[in-house]
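Everything on this sheet refers to the single structure shown next.
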Amino acid sequence: MATKLDRFLEANQITTTYLAKVARLSRKHAGDVRSGKVDPGQECIAKLLNACSRITKRKVGVEELFDFEVPSRKKVAGVGQ
């Protein structure tokens, strides 16, 4: 199943190699994030957002590239454990 990042890159005709170069990430890591094999850390997310914004010449929001599950309030507060 394609990730949001993968769909964004396909729609904007951005290759993994070019994204990695602009984001200053290894091609392997960029590819692993694109395919969903690894979850990106905060620094990687920031680099990808910056790179996608520079490439498309518009501000790209995190919700365009990634799906995030927000933990329920009970889990965050430790209630019900």
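Taken together, the values in this text are just the output of simple stated rules run on the coordinates, not laboratory data. This one's a predicted model, so the numbers in the text were calculated from it and none came from an experiment. Cβ coordinates were reconstructed from backbone atoms using ideal geometry, including for glycine residues, and neighbour counts include every protein chain displayed.
Structure values in brief
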{"read-out": "Cα gyration tensor category, rounded, prolate or oblate, for segment 4-65 with a/c compared to 1.5", "value": "rounded"}
{"read-out": "Mean Cα-pair separation over length for the chain, i.e. relative contact order, pairs under 8 Å, 6 or more apart, %", "value": "32 percent"}
{"read-out": "Vicinal HN-Hα couplings computed from phi for segment 50-66 (Karplus, 6.51 cos²θ - 1.76 cosθ + 1.60; Hz; Gly/Pro x)", "value": "4, 4, 5, 5, 5, 5, 8, 6, 7, 6, 9, x, 4, 5, 7, 10, 9"}
{"read-out": "Neighbour-count order for ARG34, ARG24, fewest beta carbons within 10 angstrom listed first", "value": "ARG24, ARG34"}
{"read-out": "Student exercise, segment 4-65 dipole from Lys, Arg, Asp, Glu Cβ charges, in Debye to nearest 20", "value": "300 debye"}
{"read-out": "Segment 31-55 versus segment 1-29: alpha-carbon centroid distance in Å", "value": "8 Å"}
